């Protein structure tokens with residue numbers, strides 16, 4: 001790792017500290033005369049630099065999602081006892097915090113485009129540490145709720161959208177492939193932090209655990225993101241020899257179709273995300289309500305590995321495909337998964353198939369959330385675009401668990417699942433229309 005870091009930083013460091021000696025000045029070596037050799041040298045270092053950046057971003061994504069999102073649920077019951085609240089109120093406060101993060105997402109996207117993703121992620125890691133510490137020290141429920149909101153506001157600066165923007169701003173033609181690699185690494189966040197948080201509960205209270213989480217953000221994530229501000233820029237590097245499905249400069253759609261396609265993609269992701277978040281928020285209770293009893297936990301555990309498996313498959317077999325094709329698969333899988341559970345319960349085999357399909361859909365969705373906008377619209381204004389899409393997606397994600405819980409109470413779990421699945425159908429139709437626009441645009445270019 002040390003050697004790789006040295007390889008990445010050497011061109012930049014050399015350009016900052018090297019001063020030509022008298023002989024060089026006498027020979028009047030001009031920068032333009034060195035352009036060819038400098039470009040060759042930088043390109044020779046491109047893969048190590050980008051590889052290290054993806055690995056480090058993967059680490060900070062694991063910590064970010066683990067401390068600000070996945071680590072919350074195992075601590076919710078202890079938090080509720082501390083403030084005399086029902087557990088449902090704690091989750092309600094968390095949902096309101098998610099809602100607040102959706103409202104500021106467009107603003108964050110514009111700032112990421114203006115100031116650079118790494119700079120904003122550094123700020124976000126510091127803000128996350130302060131928010132976690134504030135929440136840990138909260139003397140009452142109101143201060144605690146403010147801390148939860150601050151945590152989710154900070155998350156918009158450090159989660160996937162900002163990390164994807166860093167790869168697009170620095171990764172050049174390889175950006176789409178780098179996003180796939182990043183999601184593969186970051187997919188272990190839940191696998192690591194769910195059991196880690198439970199293990200920490202055996203030795204510490206929830207306040208001490210949040211302070212530990214704050215330390216991880218401040219001491220690991222913030223310096224890492226700050227280092228990435230010095231990452232070499234490969235946005236103008238020559239295209240890689242392998243064929244890629246993404247034109248990062250202009251995108252695959254003509255500009256006159258951007259407004260319509262942007263609206264369709266935004267609602268497509270929001271509605272498919274609504275289905276996913278409704279189920280994920282209460283996956284174990286939902287499976288239990290379907291009659292699987294003690295097997296529910298084991299069935300739910302299939303979800304995480306399924307995400308990783310499908311990302312490996314996509315990495316090895318899907319690199320030449322346009323992200324729109326994968327997005328259509330995601331939308332179909334998101335419809336199929338709840339229907340399988342509703343119609344097969346209380347079969348354990350059917351529930352395992354449901355969890356696997358949902359894991360496949362979730363694993364691919366994390367990828368196409370970043371690659372599809374890049375493929376359709378190009379890299380200009382990329383973070384701003386992601387911020388606009390995230391605003392609606394996060395708002396629907398915040399209310400999705402309440403909608404499913406209400407439907408389960410009124411109609412039962414099977415009927416509730418079928419209704420939730422139906423909510424994803426307009427999302428699928430939105431992506432089908434985007435595919436039609438893409439086909440028309442391709443035909444016009446030919």
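Tabulated results
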quantity	calculated
Extension reserve of the residue 219-residue 419 stretch, reckoned as 0.36 nm per residue once the Cα distance is removed	67.5 nm
Value of relative contact order over the range 48-231, rounded to a whole percent, pairs C-alpha under 8 Å and six or more apart	41
Segment residue 259-residue 410, length gained on full extension (0.36 nm per residue, minus Cα span)	50.5 nm
Prolate/oblate/rounded label for the range 247-446 (Cα gyration tensor, a/c 1.5)	prolate
Those residues of the range 113-151 whose amide nitrogen sits under 20 Å from the label point placed on residue 192, 7 Å along Cα→Cβ	118, 121-130, 132-133
Prolate/oblate/rounded call for the range 91-152, Cα gyration tensor, a/c under 1.5 rounded	oblate
Spin-label pair residue 349/residue 229, simplified geometry with 7 Å Cα→Cβ offset, distance in nm	5.8
Mean separation of Cα contacts under 8 Å, 6 or more apart, over the residue count of the range 294-446: relative contact order %	31
Label-point gap, in nm, between residue 142 and residue 301 - each point 7 angstrom along Cα→Cβ	4.4
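Since every read-out is calculated from the coordinates, none of them should be taken as a lab result. This structure is a prediction, so every number in the text was calculated from the model and none was measured. Heads up, the Cβs are rebuilt from the backbone with ideal geometry, glycines too, and the neighbour counts pull from every protein chain shown.
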